[in-house]
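Novice: After the C-alpha cells below, expect a handful of questions from me.
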Amino acid sequence: MTAPLHDTGPADAGAAPVTDGLPAKAIEGRSPWRIAWTRLKRDKFALAGGVVVLLLILVAILAPVIVGLLGHPPNEYHEELIDPLSSTPKAAWGGINSDFLFGAEPVNGRDVFSRVVYGARVSLLVAFLAAVVAVVIGTVFGIVAGYFGGWVDAVVSRVMDLLLAFPQLLFIIALVSVVPNSLWGLTGSGVRMAVLIAVIGFFGWPYVGRIVRGQTLSLREREYVEAARSLGAGRLYILFRELLPNLVAPITVYATLMIPTNVLTEAALSFLGAGVKPPTASWGQMLSKAVTTYEGDPMFMIIPGLAIFVTVLAFNLFGDGVRDALDPKGSR
Amino acid sequence: MTIPAQPAPEATEPLLKVEGLVKHFPIVKGLLRRQTGAVRAVDGLDFDVRAGETLGVVGESGCGKSTMGRLITRLLEPTAGKIEFEGRDITHLGVAGMRPMRRDVQMIFQDPYSSLNPRHTVGTIVGAPFRLQGITPEGGVKKEVQRLLELVGLNPEHYNRYPHEFSGGQRQRIGIARALALKPRLVVADEPVSALDVSIQAQVVNLLDDLQEELGLTYVIIAHDLSVIRHVSDRIAVMYLGKIVELADRTSLYERPMHPYTTALLSAVPVPDPGRRVKRERILLKGDVPSPISPPAGCRFHTRCWKATEVCRTDEPRLLAPRAGHQVACHHPENAPGTPEPVTEGAGA
Ligand SMILES: Nc1ncnc2c1ncn2[C@@H]1O[C@H](COP(=O)(O)OP(=O)(O)OP(=O)(O)O)[C@@H](O)[C@H]1O
Ligand code: SF4
Ligand SMILES: [Mg+2]
C-alpha cells in the first residue's frame, strides 16, 4: 500500500483502544451466561418459579425422609378413618389434620400427603428424563439436518412432520397394554416408567429438533463458521465448538418449558390408566380415583390437582424467565 | 508517506494466479432437488496477485466479489478454472489438503458482528488458529494472543472478554488479529470496513496499511465502491456481473479509466480536490443490474451502457491490454491509446 488516508492522526492504529470507546474497568469478561443470570435474578416471577422448582426437586429426592418425618408410609391402610357407608373420610375436609396433613384417601385411608410426595417423584422423574431423551434425539437430528441440509434435511424434516401429526396419546395407551411385566431388567412400575419416559421423549424430540434445525440453519451462515473453516476446521469442530455453544441457550429454554408439558402428559396417561402401576402413587392416578368420590370428598381431587397445577406453573414461570434472560430481545 | 518505487511487475512470480475461475450456484427446486438453473456468481476470472501488493476489487452488490474471495481462500469449491498459490494448484484441495495452506491464506470478514462467535472469549477466538493448526507459538498461546491484540491496537488485558463487550471497530480489529495469527502471506479482506462507522473506517484501513508494511503482507481488498480502496490499492480490478471488466494500476485506472462502467463508478466517488470536480460529471447508470441467473448476451454491461452498439449485444469483449498494465474488456474503450490524453492528468492520486 502506498499513500496515507486523509483524516487520521498519528495516534491511530497502534494506539490503545480508546479510539472507539470502552472503559477499561473490569478485565474479566462477562460471559453471556453470567449476564443471563444477572437478568434472571431481577425477574421476581421467574425466581419464585425457580424456588418452587427447587423445592419440588428436593421433595422428590427426599421423599422417604419427608414422609418418615411428616407422614405415614404411602401404602399403609387406615380404614378406621373411613366411613364405611360413603367410603369417604369420617372427618370433615377430607380428614385433614396434624397427623394426616393432606387428609386420607377414600376407601382405604392411605395418607394423601405421603402419596402426593411420592407422586412428585414419578411425575418429575418421568418429565425430566423424557425431556432429556427428547433433547438428545432432537439436538442430534436437528443439528445434522440444519448443518448438512440437502436430502438429509428433507428426510429428517418429513420424519418430524410425521411424528408431530401422530396421535401419541392413543399410541401410548395401546403400547402400554402390550408391554410385558418385566423389561430391560425392570419390573412393575419401573417398566411403566421406562416406557413412559421413552415414549414421551420420543414424541417430544421433533419439537426440539425443529428448533435446533432452524437455529443451526441460521447459525451456519454466520461468518465465524467461515472463519473457522478458513483456519482449517473440520465439520466436527464446527458442529461442537462453534455451533453447539450457541445452541445450548435455546435448548435449555425449550427443555425447561418441555418439562411442564411432560408433567401434564404423564398425569393424563396415569389418569387414563396408562401410567405407573398401583400401588405406586402418581398424581394422575389419584385424580382418576377422586372422580368416583368427589361429591363426598372434594379435597381428594383438589390436592393432586393443585400439585399438578403448582408444578406446571412453577416450571413455566421459571422457563419463561430463563428464556427472557437468555434472549432479552425476544428475537426468536 | 511516500510512494515507493514501483516493483518491476514481471520480476517475481505471482503469489496467486487465477485462470478462468467460475462459480455457479445451482438453483434446485422441489423435493427431488432438480436443478432448474444456476446463479452465475463468478463467470470466468483471470488475474494474478503479486507478492507484496494490494489488489483492490470493486463492483456493485451481487457482482460476485465475495464469491471470488471465498473461492481464492477455498471456502467454496470452484465450478471450473484454476487457482495456483505460489505455483501450487490448490483448485480442488479438500479440507485436509488445504489445512497447511490455511496458514498462508487468511480472510478478514465483512460483518464484525457475525464473524466472531459470541460464546467465545477474545482469547479463544484469536487463539483458535494455533489450536486448529496444532501450533504452539513461542511463549505459549496466551502470550502470543496478547501480542497480537497489542499489534492491532487492542488492550491485551481484554483477553478474557467476550465479543459483545467491544465496539464494531474493535471487533474488526479482533478479526484482523485472528487472520494474522498464523503469519499469512496473503490476506483477503471482504469489505473490511463497510459495516463500520465512517469515522472508524479510516482507522481500520490505516491499521491494515501499517500491518502490511510491518509484516510484508499481500492483500486482496474487496469493496463496493472506489472510495475506500482508493489510497491503499496498488492495482484495482473492477467487476461486473461475475466478470472482471477492467484491471489496471491504480493511477492508470483513476486517471484514464477505459471501461464505461469504471467511468461511471469513478464519477460517484467524491473528489477531494475541488478543482477536479468540474471535469468529472456524475454519471448515473440507468436500470438495475441484470440477474446473474441469465446475464445479458454479448457484453454484460450493454443493457446500461451509453456507448453500446450492435457488436456489444452479440460479441462478448475479451479482457485485453490496450496499454501496458491496463486490461479492459470493452469494444469501445474510453481513453484508449491514440485518443487525446485527458486534461485532468498529473494531479496525483
Ligand atoms: N451460497 C450461495 N448460494 C446461491 N447463490 C449465492 C450464494 N452465494 C452468493 N450467491 C449469489 O451469487 C451472486 C454474487 O454474490 P456475492 O456475495 O459474491 O456478491 P458480492 O459482490 O459480494 O455482493 P455484496 O456487495 O452484496 O457483498 C449473488 O447473486 C448471490 O445471490
Ligand atoms: S463493450 Fe460495448 S456495451 Fe460493453 S462496455 Fe464496451 S461499449 Fe459498453
Ligand atoms: Mg459480498
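The values are calculated or read from the model by the stated rules, or taken from the named source; none is laboratory data. In this text the structure is predicted, and so the values were computed from the model without any measurement. Positions of Cβ are backbone-derived with ideal geometry, glycine not excepted, and every protein chain shown enters the neighbour counts. The area values use the complete protein model at the heavy-atom level, side chains included, leaving out ligands, DNA and RNA. Shrake-Rupley method; radii C 1.70, N 1.55, O 1.52, S 1.80 Å.
Novice: So what's the Cα pair-distance distribution over chain B, bin width 20 Å, in %?
Specialist: All Cα pairs considered, the percentages come to 28, 57, 15, 0.
Novice: Let me ask another. Averaged over its residues, how many other protein chain Cβ atoms are within 10 Å of peptide A:151-158's Cβ atoms?
Specialist: Working: counts 3, 0, 0, 3, 0, 0, 0, 1.
That works out to 1 on average.
Novice: Apply the Karplus parameterisation 6.51 cos²θ - 1.76 cosθ + 1.60, with θ equal to phi minus 60°, to every residue of the range A:258-263 and state each ³J(HN,Hα) to the nearest whole Hz, in sequence, with x for glycine and proline.
Specialist: Running phi through 6.51 cos²θ - 1.76 cosθ + 1.60 with θ = phi - 60° gives 7, 4, x, 4, 5, 4 Hz.
Novice: Volume per residue, Å³, of the convex hull around the alpha-carbon atoms of the range A:54-326?
Specialist: On the way: hull volume 41.5 nm³, N = 273.
Spread over its residues, the Cα hull of the range A:54-326 gives 152 Å³ apiece.
Novice: If DNA, RNA and ligands are ignored and the probe is 1.4 Å, what is the ranking of B:Y261, A:Y118 by accessible area, most exposed first? Mind showing how you got there, number by number?
Specialist: Details: B:Y261 0, A:Y118 60 Å².
Sorted by accessible area, descending: A:Y118, B:Y261.
Novice: Calculate, for chain A, the solvent-accessible area per residue in square angstrom, rolling a 1.4 angstrom probe over the heavy atoms of the protein chains.
Specialist: 48 Å²
Novice: From the cross-link list B:K65/B:K286; A:K44/A:K90; B:K17/B:K142; B:K243/B:K307, which pairs have alpha carbons spaced over 30 Å apart? It would help to have the intermediate numbers written out before the result.
Specialist: Values: B:K65/B:K286 22 Å; A:K44/A:K90 42 Å; B:K17/B:K142 36 Å; B:K243/B:K307 19 Å.
Pairs exceeding the cut-off: A:K44/A:K90; B:K17/B:K142.
Novice: Additional query: In square angstrom and rounded to 100, what buried accessible area do you get between chains B and A, total over both, with the probe at 1.4 Å?
Specialist: Values: alone 17130 and 18520 Å², together 30700 Å².
Using a 1.4 Å probe, the pair buries roughly 5000 Å².
Novice: Which of the three applies to the range A:195-280, rounded, prolate or oblate, going by the alpha-carbon gyration tensor with a ≥ b ≥ c and a/c under 1.5 meaning rounded? Can you show the working numbers first?
Specialist: Numbers: a/c = 4.26, a/b = 3.43, b/c = 1.24.
Judged from the Cα gyration tensor, the range A:195-280 comes out prolate (a/c at least 1.5, a/b above b/c).
Novice: Can you give the angle from 0 to 90° between the axis of helix A:44-61 and the longest principal axis of chain A, with both taken from C-alpha atoms, to the nearest 10?
Specialist: The answer is roughly 50 degrees.
Novice: Another one. Under 10 Å, Cα contacts only: if you run a Gaussian network model on chain A, which one of A:A198, A:A233, A:A134 comes out with the highest mean-square fluctuation?
Specialist: Largest GNM mean-square fluctuation: A:A233.
Novice: Assuming R0 = 45 Å, what is the FRET efficiency of B:R33 and B:D225, from their Cβ-Cβ distance, to the nearest 0.05?
Specialist: Values: r = 37 Å, r/R0 = 0.83.
E between B:R33 and B:D225, to the nearest 0.05, is 0.75.
Novice: Next question, about the same structure. Can you list the aspartates and glutamates whose alpha carbon is less than 20 Å from that of B:K143, not counting same-chain residues fewer than 8 positions off?
Specialist: A:E28, B:E157, B:E214
Novice: GNM on chain B, C-alpha springs below 10 Å: top fluctuator among B:R230, B:R33, B:R171?
Specialist: Result: B:R33 has the largest fluctuation of those listed.
Novice: Kindly write out, for the range A:241-251 in residue order, the coupling ³J(HN,Hα) from the Karplus curve 6.51 cos²θ - 1.76 cosθ + 1.60 (θ = phi - 60°), rounded to whole Hz, with x marking Gly and Pro.
Specialist: With coefficients 6.51, -1.76 and 1.60, one gets 9, 9, 7, 3, x, 7, 9, 4, 5, x, 5 Hz.
Novice: A further question on this structure: Give me the net charge for the shell around A:M193: Cβ to Cβ below 11 angstrom, other residues only, Lys and Arg +1, Asp and Glu -1. All intermediate terms of the calculation are to be shown ahead of the outcome.
Specialist: Values: positive: A:R121, A:R192, A:K277; negative: A:E266.
With Lys, Arg at +1 and Asp, Glu at -1, the net is +2.
Novice: Shifting gears a bit: Order of B:234-240, B:134-140, B:295-301, A:32-38 by packing, highest average Cβ count within 10 Å first? Don't skip to the answer; put the middle values down first.
Specialist: On the way: B:234-240: 24.1, B:134-140: 11.1, B:295-301: 20.6, A:32-38: 14.7.
Highest-to-lowest ranking by the protection proxy: B:234-240, B:295-301, A:32-38, B:134-140.
Novice: For a quick protection proxy, order the peptides A:314-327, A:176-189, A:53-66 by their average other-Cβ count within 10 Å, most packed first.
Specialist: On the way: A:314-327: 21.0, A:176-189: 11.8, A:53-66: 15.8.
Result, highest mean Cβ count within 10 Å first: A:314-327, A:53-66, A:176-189.
Novice: Which FRET efficiency value, to the nearest 0.05, do you get for B:K286 and B:E213 by plugging their Cβ-Cβ distance into 1/(1 + (r/R0)^6) with R0 = 41 Å? Provide the component values of the computation, followed by the final result.
Specialist: Details: r = 42 Å, r/R0 = 1.03.
After rounding, the FRET efficiency stands at 0.45.
Novice: Here's something else I'd like to know. Net charge within 11 Å of B:H164 by Cβ-Cβ distance, Lys/Arg positive one each and Asp/Glu negative one each, not counting B:H164 itself? Could the numbers behind the result be given before it?
Specialist: Working: positive: A:R30, B:R119, B:R161, B:R171; negative: B:E165.
Residues near B:H164 contribute +3 overall.
Novice: Related question: For the range B:1-134, report the accessible area per residue in Å² (1.4 Å probe, heavy atoms, rounded to an integer). Kindly include the intermediate steps, with their values, before the conclusion.
Specialist: Details: 5880 Å² over 134 residues.
Per-residue accessible area for the range B:1-134 comes out at 44 Å².
Novice: Which angle from 0 to 90°, rounded to the nearest 10, does the C-alpha axis of helix A:299-326 make with the longest principal axis of chain A?
Specialist: It works out to around 0 degrees.
Novice: Are there GluC sites (Glu not before Pro) in the range A:220-271 that DSSP marks as loop and that have at most 15 other Cβ atoms within 10 Å, and which are they?
Specialist: Filter output for the range A:220-271: A:E221.
Novice: Also: Around A:V276, what is the net charge, scoring Lys/Arg as +1 and Asp/Glu as -1 over all other residues with Cβ under 15 Å from its Cβ?
Specialist: Working: positive: A:R115, A:R121, A:R192, A:K277, A:K289; negative: A:E266.
Counting the neighbours of A:V276, the net charge comes to +4.
Novice: A further question follows. Output wanted: per-residue J couplings in Hz (rounded whole) for the range A:193-198, from phi through Karplus 6.51 cos²θ - 1.76 cosθ + 1.60, θ = phi - 60°, x for Gly and Pro.
Specialist: With the stated coefficients, the range A:193-198 comes to 5, 4, 5, 4, 4, 4 Hz.
Novice: Give the long-range amide H neighbours of B:R50: residues separated by 5 or more places, or on another chain, with amide H under 5 Å away, using H modelled in the peptide plane at 1.01 Å from N.
Specialist: B:L15
Novice: Could you tell me the distance between the Cα centroids of the range A:218-285 and the range B:177-203, to the nearest Å?
Specialist: Each part reduced to its Cα centre gives a spacing of 38 Å.
Novice: Quick check: from the Cα gyration tensor, does the protein assembly as shown come out rounded (a/c under 1.5), prolate or oblate? Numbers along the way, then the final one.
Specialist: Numbers: a/c = 3.31, a/b = 2.51, b/c = 1.32.
It comes out prolate by the Cα gyration axes.
Novice: What is the average number of partner chain Cβ atoms found within 10 Å of a Cβ in B:111-119?
Specialist: The mean count of partner-chain Cβ atoms within 10 Å per residue comes to 6.
Novice: Please report the spacing between the Cα centers of the range B:292-323 and the range B:15-88 in Å, no decimals.
Specialist: If you average the Cα positions of each part, the centres end up 20 Å apart.
Novice: Kindly sort A:V107, A:V116 by accessible area of their heavy atoms, largest first, with the probe set to 1.4 Å. Don't skip to the end; give the middle numbers.
Specialist: Numbers: A:V107 95, A:V116 15 Å².
Ranking A:V107, A:V116 by accessible area, largest first, yields A:V107, A:V116.
Novice: What is the antiparallel percent of DSSP beta bridges lying wholly in chain B, to the nearest 5?
Specialist: Numbers: 30 of 48 bridges.
DSSP beta bridges in chain B are roughly 60 percent antiparallel.
Novice: B:I244's amide H: which non-local residues (gap 5+, or another chain) put their own amide H closer than 5 Å, with H modeled 1.01 Å from N in plane and none for Pro or chain starts?
Specialist: Correct list: B:D46.
Novice: Right, another one. Round to a whole number: what % of the accessible area of chain B belongs to carbon and sulfur, probe 1.4 Å? Write down the numbers at each step before the final one.
Specialist: On the way: 7820 of 14810 Å².
Carbon with sulfur: 53 percent of the solvent-accessible area.
Novice: What is the set of long-range amide H partners of B:V57 at a cut-off below 5 Å, with H atoms built 1.01 Å from backbone N?
Specialist: B:I221, B:I222, B:A223, B:A237
Novice: In addition: Keeping every protein chain in place, order A:Y237, A:Y224 by accessible area at 1.4 Å, biggest value first, i.e. largest first.
Specialist: Numbers: A:Y237 45, A:Y224 5 Å².
I get A:Y237, A:Y224, largest accessible area first.
Novice: Right, next: Full extension from A:K44 to A:N97: what is 0.36 nm times the residue separation minus their Cα-Cα distance, to one decimal in nm? If you can, show how the numbers build up before the last one.
Specialist: Details: separation 53, 0.36 × 53 = 19.08 nm, distance 3.30 nm.
Residue separation times 0.36 nm, minus the Cα-Cα distance, leaves 15.8 nm.
Novice: Please compute, for peptide B:164-174, the average count of beta-carbon atoms on other protein chains lying within 10 Å of each residue's beta-carbon.
Specialist: On the way: counts 5, 4, 3, 5, 1, 4, 5, 1, 1, 4, 0.
Taking all residues of B:164-174 together, the mean is 3.
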